[in-house]
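Enquirer: Following this message is one structure expressed as structure tokens.
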């Protein structure tokens, strides 16, 4: 499964997950295997040379199946859903711990219905 986790610089498995999603500086991409092992496959700086890319467009363009966030705006959530990208939510700020939670099936999908229940996601 192709997964993206927006994180703080410098990125990688030992980084913290960026909050909120729309202000991420680094997009880390992982392949997560059925046995729970993960491979850090690539990284993209969201802002560089004084310009920033749209993180939703960047993630969708890489054919990511799942994005894991701690919070995001309703418009970003809707855009991911419209593009067929599953959004999972975590309250753990650690990328490595979150990947372990994903592998053990302990992350929940963030749907529009659930979004309304999670007050910390509102922007």
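Just so it is clear, none of the values below were taken in a lab; they were calculated from the coordinates. Please read all numbers here as calculations on a predicted model, not as lab measurements.
Enquirer: Among DSSP bridges having both ends in segment 2-121, what percentage is antiparallel? Round to the nearest 5.
Expert: 75 percent
Enquirer: Oh, and also: With no solvent and one point on each alpha carbon, what is the Debye value of log10 I(q)/I(0) for segment 37-97 at q = 0.16, 0.19, 0.27 Å⁻¹?
Expert: Values, matching the q order: -0.60, -0.85, -1.33.
Enquirer: log10 I(q)/I(0), Debye, Cα-only the chain, no solvent, q = 0.10, 0.15, 0.19, 0.22 Å⁻¹?
Expert: Taken in order of the listed q values, log10 I(q)/I(0) reads -0.26, -0.60, -1.01, -1.39.
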